[in-house]
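Handing you this structure, nothing more for now.
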Amino acid sequence: MARVWIFGQDINTDQIVPGRYAPYMLKNEADLRNYPFVEHRPDFAPGVQPGDLIVAGNNFGCGSSREYAPLALRLVGVGAIVAPLFARIFFRNALNLGIPCFTADLTSTLRDGQEVELRLEEGVIVTDEGQHIQLPPPPAFLRDVWAAGGIVPFYRQYGRFPGEAR
Amino acid sequence: MQTLSEQILSRAAGRTVMAGEVVTVDVDLVMMHDSLSPSIIRVLHEELGAERVWDPERVAVVIDHVAPAASVQTAEKQADVRRWVKSQGIRHLFDVGRGISHPVLVEEGLARPGMVIVGSDSHSTAYGCVAAFGTGMGTTDIALAAATGRTWFRVPETVLVRAEGRFRPGVSAKDLALYAARRLRADGATYAAVEWHGVEFLSIMERMTLATLSIEVGAKAGLVPPVFAEPGAILPSARAEVRRSALQPDFLQVQAGARYSQVLTVDLDRLEPQISAPHTVDNVADLSELGRVAIDVVYLGTCTNGHYEDMAAAARILRGRRLAPGMRMLVVPASAQALQRATADGTLMTLLEAGATIGTPGCGACIGRHMGVLAPDEVCLFTGNRNFRGRMGSPQANIYLASPEVAAATALTGYLTHPQEVEASLPSQV
Ligand code: SF4
């Protein structure tokens, strides 16, 4: 089972990882795993388990191009992020790192702390109350990038960019 | 008929493309700065297995985010970046003190109209000030672009902001940009480009104010049409060949009948100074609506409003006057050229005589890493582009975004102040 972590709208990259906690500023870059939401939600990093689900409001990840924001989420094993709209740089960074992002508004459907099962292959969330929530599939041309585990394995495997003719 | 983004991406893709299509394009320039370069270099070599960048002439590296270094860690990483730049044969390294990547690449003539420029910085929309398609990307995308000279885009729809009339005294490009954020909201142009029309009278760096704030409404790019009154008047400090290169390329112009997904018309004659209150950029109100807001520190700088024009606008208000008791005012020029110009014509002296202090050209405290980070409960009036909680230091600090004119007036009174109020009530000593 995965825990649901609910976040509000317009969550920006400074809230995900403040610039002061950038790998550039750290002695030990692996420490980044301690800092997702370090100031915005201090209970997140100590409590999150691999596979947990972030469910957020509109415009998730707005702000900076810092890939260490989604990287910090990957380091703690976030299973997927669900939000009605992702800021574009964050979306690309998450795609490139292989973090599944689904475009849907579940902030009032799910509760913070709720236990759910995420069936990534089918794009389905099954709640502890047995409710099945179908997530909209990502755009077809990006699905292969997620399937490959990110843009680097995708590019190394196919030698092309997403959307380019095979 | 095509928007500017469609024209530029068509040329870069080698075929006619329209909004909504996914294209792979050749990039003209890849920019990386000190903050993300170490990770870009690692991904390039270790993950992508590339030994060299695709074209060292088309990669620019700027040390601006923590410049000069603030700790042994940052100093060591900068030293690594310098060694790497040398080993790759990259000529375009702009080291500590040269300034912020965005104005520097424009001043150097590396960012030019019609180009596709990708940078490891969200405010790479800045290059739209010379009608380049500039966009920000993260570590892996930049590494991939540096390795291959290519990237992919979904060709964006375009939101048109059409300015009419002229600014009233004390109102400037920042107010137009903040007003657009107020109306479009933080996500209003997500996945889209913004075009700014009706602003041909602005200098290139004033256009950069608009272009940098385009990302704050979520935009992929923020372009000002390449219409220039007279090139010499626009980049007076640049070399002659740079000024020539800033002219409009034949293939790029505003086309009647281009499709815009949304049009926002702004009457500049009625625009008041705009203030973005904590903690989101689109939390904007007219200055007159806010009442008395006490300010501890005024910070003039960044790629949005740390340009020569901004220092000069502040100096016009500060001239012959002194900062309010207890007020601190930090000025961090956006580039060495801006600082030189401000030094040459006395602007800098005016700022110093008023009681302001000056930092090394670069990003300064914009990202809260050094050179003026904020303490809990401090209130900062910032000419930059983000007032996110914790952006400039303590998450308990409050950041108000405003124009350089409002910044200067506020530095004189100690509370948010309309520039014209100062003109009326505080006599100048000269
Ligand atoms: S001045 Fe601020 S917004 Fe501009 S590039 Fe530097 S850190 Fe980014």
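The values are calculated or read from the model by the stated rules, or taken from the named source; none is laboratory data. Note that this is a predicted model, so its numbers are computed, not measured. Because the Cβ atoms are built from the backbone with ideal geometry, glycine has one as well, and the counts that use them run over all protein chains shown. The area values use the complete protein model at the heavy-atom level, side chains included, leaving out ligands, DNA and RNA. Shrake-Rupley method; radii C 1.70, N 1.55, O 1.52, S 1.80 Å.
Within a 10 angstrom radius of each residue's Cβ in B:148-156, how many Cβ atoms of other chains show up on average? Whole number is fine.
Per residue, the average neighbour count from other chains is 3.
Additional query: Under the definition of partner shielding as Cβ atoms of other protein chains within 10 Å of a residue Cβ, what is the mean value for peptide B:366-373?
Across the residues of B:366-373, the mean count of other-chain Cβ atoms within 10 Å is 3.
Can you give the FRET efficiency to the nearest 0.05 for B:E21 and B:E46, using r as the Cβ-Cβ distance and R₀ = 22 Å?
0.10
Roll a 1.4 angstrom probe over the protein heavy atoms and tell me the percent of accessible area of the range B:293-430 that is carbon or sulfur.
52
Taking +1 at the Cβ of each Lys and Arg and -1 at the Cβ of each Asp and Glu, which of B:A356, B:L223, B:A177 sits farthest along the dipole of chain B towards its positive end, judged by Cα position relative to the Cα centre?
The one lying farthest along the dipole's positive direction is B:A356.
Which residue, chosen from B:A186, B:L160, B:V27, occupies the Cα position most advanced towards the positive end of the dipole of chain B, where the dipole is computed from +1 (Lys, Arg) and -1 (Asp, Glu) charges on Cβ about the Cα centre?
B:V27
Now for a different question. What size of dipole, in debye to the nearest 20, comes out for the range B:276-425 about its Cα centre when the only charges are +1 on Lys and Arg C-beta atoms and -1 on Asp and Glu C-beta atoms?
Its charge dipole is roughly 360 debye.
Enumerate the residues in the range B:290-321 having an amide nitrogen under 20 Å from the point lying 7 Å beyond the Cα of B:M349 toward its Cβ.
So the set is B:308-321.
What does the accessible area per residue of the range A:2-136 come to in Å², with a 1.4 Å probe and no ligands, DNA or RNA counted?
Ligands and nucleic acids excluded, the result is 35 Å² per residue.
Just report the Cα centroid separation between the range B:61-113 and the range B:1-15, whole Å.
Computed from Cα coordinates, the inter-centre distance equals 30 Å.
Could I ask something else about it? Let me have the relative contact order for chain A, percent, based on Cα pairs under 8 Å that are six or more residues apart.
After rounding, I find 22 percent.
Taking the Cα centre of chain B as origin, work out the dipole magnitude from +1 charges on Lys and Arg Cβ and -1 charges on Asp and Glu Cβ, in debye rounded to 20.
Computed charge dipole of chain B: roughly 300 debye.
What residues does the range A:1-36 have that are buried by at least 50 Å² of accessible area in the full protein assembly compared to the chain on its own, 1.4 angstrom probe?
A:D14, A:R20, A:Y24, A:M25
Now, a different point. Please name the residues of the range B:375-389 whose accessible area, counted over protein heavy atoms with a 1.4 angstrom probe, falls by no less than 10 Å² between the chain alone and the full protein assembly.
B:R386, B:F388, B:R389
From the P(r) of the protein assembly as shown, can you give the percent of Cα pairs sitting at distances over 31 Å?
46
Go through the range B:173-190 residue by residue and turn each phi into a ³J(HN,Hα) via Karplus (6.51, -1.76, 1.60, θ = phi - 60°); whole Hz please, and just put x for glycine and proline.
Values per residue, Gly and Pro as x: 3, 4, 5, 4, 5, 5, 5, 5, 5, 4, 7, 7, 6, 4, 10, x, 10, 4 Hz.
In a GNM of chain B with a 10 Å cut-off on Cα contacts, which of B:V263, B:V297, B:V199 has the highest mean-square fluctuation?
B:V263
What fraction of the Cα pairs in the range A:2-136, stated in percent, has a spacing above 26 angstrom?
Here the tail beyond 26 Å accounts for 16 percent of pairs.
Between chains A and B, what is the buried accessible area in Å², counting both sides, with a 1.4 Å probe and ligands, DNA and RNA left out, to the nearest 100?
Looking at A and B, the buried total is near 3900 Å².
What fraction of the DSSP beta bridges in chain A is antiparallel, stated in percent and rounded to the nearest 5?
Roughly 45 percent of the beta bridges in chain A run antiparallel, per DSSP.
Continuing with this model, one more query. What relative contact order, as a whole-number percentage, does chain B give when Cα pairs under 8 Å and 6 or more residues apart are counted?
Here the relative contact order equals 17 percent.
Test of understanding: in a Gaussian network model of chain A with alpha carbons linked when under 10 Å, which of A:V48, A:V126, A:V76 would top the mean-square fluctuation ranking?
Highest fluctuation among the options: A:V126.
Considering only protein heavy atoms and a probe of 1.4 Å, how much of the accessible area of the range B:17-170 is carbon and sulfur, as a whole percent?
Carbon and sulfur atoms account for 48 percent of the accessible area of the range B:17-170.
Under 30 Å from the Cα of A:K27, which lysines turn up, not counting those fewer than eight places away in the same chain?
B:K77, B:K86
Still on this structure, I have one more. Which ³J(HN,Hα) values, rounded to whole Hz and listed in residue order, are derived for the range B:402-418 from phi using the Karplus coefficients 6.51, -1.76 and 1.60 in 6.51 cos²θ - 1.76 cosθ + 1.60 with θ = phi - 60°, glycine and proline given as x?
After applying 6.51 cos²θ - 1.76 cosθ + 1.60, I find 7, 6, x, 5, 5, 4, 5, 4, 5, 5, 7, 9, x, 9, 3, 9, 6 Hz.
Also, I was wondering about something else. Of all beta bridges DSSP finds with both residues in chain B, what is the antiparallel percent, to the nearest 5?
20
Using only Cα atoms, find the angle between the long axis of helix B:4-13 and the longest principal axis of chain B, and express it within 0 to 90 degrees, rounded to the nearest 10.
Roughly 30 degrees between the two axes.
Starting from the amide H of B:H307, placed 1.01 Å from N in the peptide plane, find each other amide H under 5 Å away whose residue is 5 or more places distant or on another chain.
B:A334
While we're looking at this one, here's another question. Give the share of C-alpha pairs in each 5 angstrom bin for the range B:49-155, from 0 to the last occupied bin, in whole percents, shortest bins first.
2, 12, 21, 25, 22, 12, 5, 1, 0
I would also like to ask the following. What ³J(HN,Hα) values, in whole Hz, does the Karplus curve 6.51 cos²θ - 1.76 cosθ + 1.60 give for the range B:56-68 when θ = phi - 60°, with x put for Gly and Pro?
Once rounded to whole Hz, the list reads x, 6, 10, 10, 10, 10, 10, 9, 9, 6, 10, 9, x.
For B:K220, list the lysines whose Cα falls under 25 Å from its own Cα; do not include residues on the same chain fewer than 8 positions away.
Answer for B:K220, where 25 Å is the Cα cut-off: B:K174, listed by chain and number.
Beta carbons within 10 angstrom, averaged per residue: use that to sort the peptides B:213-221, B:43-51, highest first.
B:213-221, B:43-51
With labels modelled as points extended 7 Å from the Cα through the Cβ direction, what inter-label distance (nm, one decimal) is found for B:R162 paired with B:R316?
2.8
Run the numbers on the range A:1-94 and let me know its relative contact order in percent, using alpha-carbon pairs under 8 Å that are six or more apart.
36
Return the long-range amide H neighbours of B:H33 (sequence gap of 5 or more, or a different chain), with a cut-off of under 5 Å between placed amide H atoms.
Hits under the 5 Å cutoff: B:V62, B:S120.
Let me know the charge dipole size of the range A:2-136 about its Cα centre in debye, to the nearest 20, where only the beta-carbon of Lys, Arg (+1) and Asp, Glu (-1) is charged.
In total the dipole reaches around 500 debye.
Follow-up. Under a 10 Å cutoff between Cα atoms, tell me which one of B:R98, B:R328, B:R42 has the largest fluctuation in the Gaussian network model of chain B.
For chain B, modelled as a Gaussian network with Cα springs under 10 Å, the answer is B:R42.
Please give the FRET efficiency for B:W54 paired with B:R259, using the beta carbon to beta carbon distance and R0 = 45 Å, rounded to the nearest 0.05.
0.85
Could you check how much of the accessible area of the range A:2-136 is carbon and sulfur, as a whole percent, using a 1.4 Å probe?
47
Give the distance, in whole Å, between the Cα centre of the range A:119-166 and the Cα centre of the range B:177-207.
Their Cα centres are 34 Å away from one another.
Next question. In Å², and per residue, what accessible area does chain B have when probed at 1.4 Å with the other protein chains present?
Per residue, chain B has an accessible area of 33 Å².
What's the average, rounded to a whole number, of partner chain beta-carbon atoms within 10 Å of each residue's beta-carbon in A:86-94?
Counting other chains' Cβ atoms within 10 Å and averaging over A:86-94 gives 6.
Something else now. When the Cα centres of the range B:274-346 and the range A:1-67 are compared, how far apart do they sit, in Å?
Distance between centres, Cα-based: 31 Å.
Output the peptides A:132-141, B:172-181 sorted from most to least packed, where packing is the average of other Cβ atoms within 10 Å over each peptide's residues.
Taking the mean over residues of other Cβ atoms within 10 Å, the ranking is B:172-181, A:132-141.
As an exercise, find the ratio Rg/Rh for chain B from alpha-carbon atoms, using the Kirkwood inverse-distance average for Rh.
Radius of gyration relative to Kirkwood radius: 0.96.
A further question on this structure: Towards the positive end of the charge dipole of the range B:276-430, with charges on Cβ (+1 Lys, Arg; -1 Asp, Glu), say which of B:S425, B:A344, B:A407 has the farthest Cα.
B:A344
Let's test the formula: R0 of 51 Å, r as the Cβ-Cβ distance of B:Q396 and A:L120. What FRET efficiency results, to the nearest 0.05?
About 0.85, to the nearest 0.05.
I would also like to ask the following. If you average over every viewing direction, what projected area does the convex hull of the Cα atoms of the range B:276-425 give, in nm²?
Dividing the Cα hull surface by four gives the mean projection, 7.7 nm².
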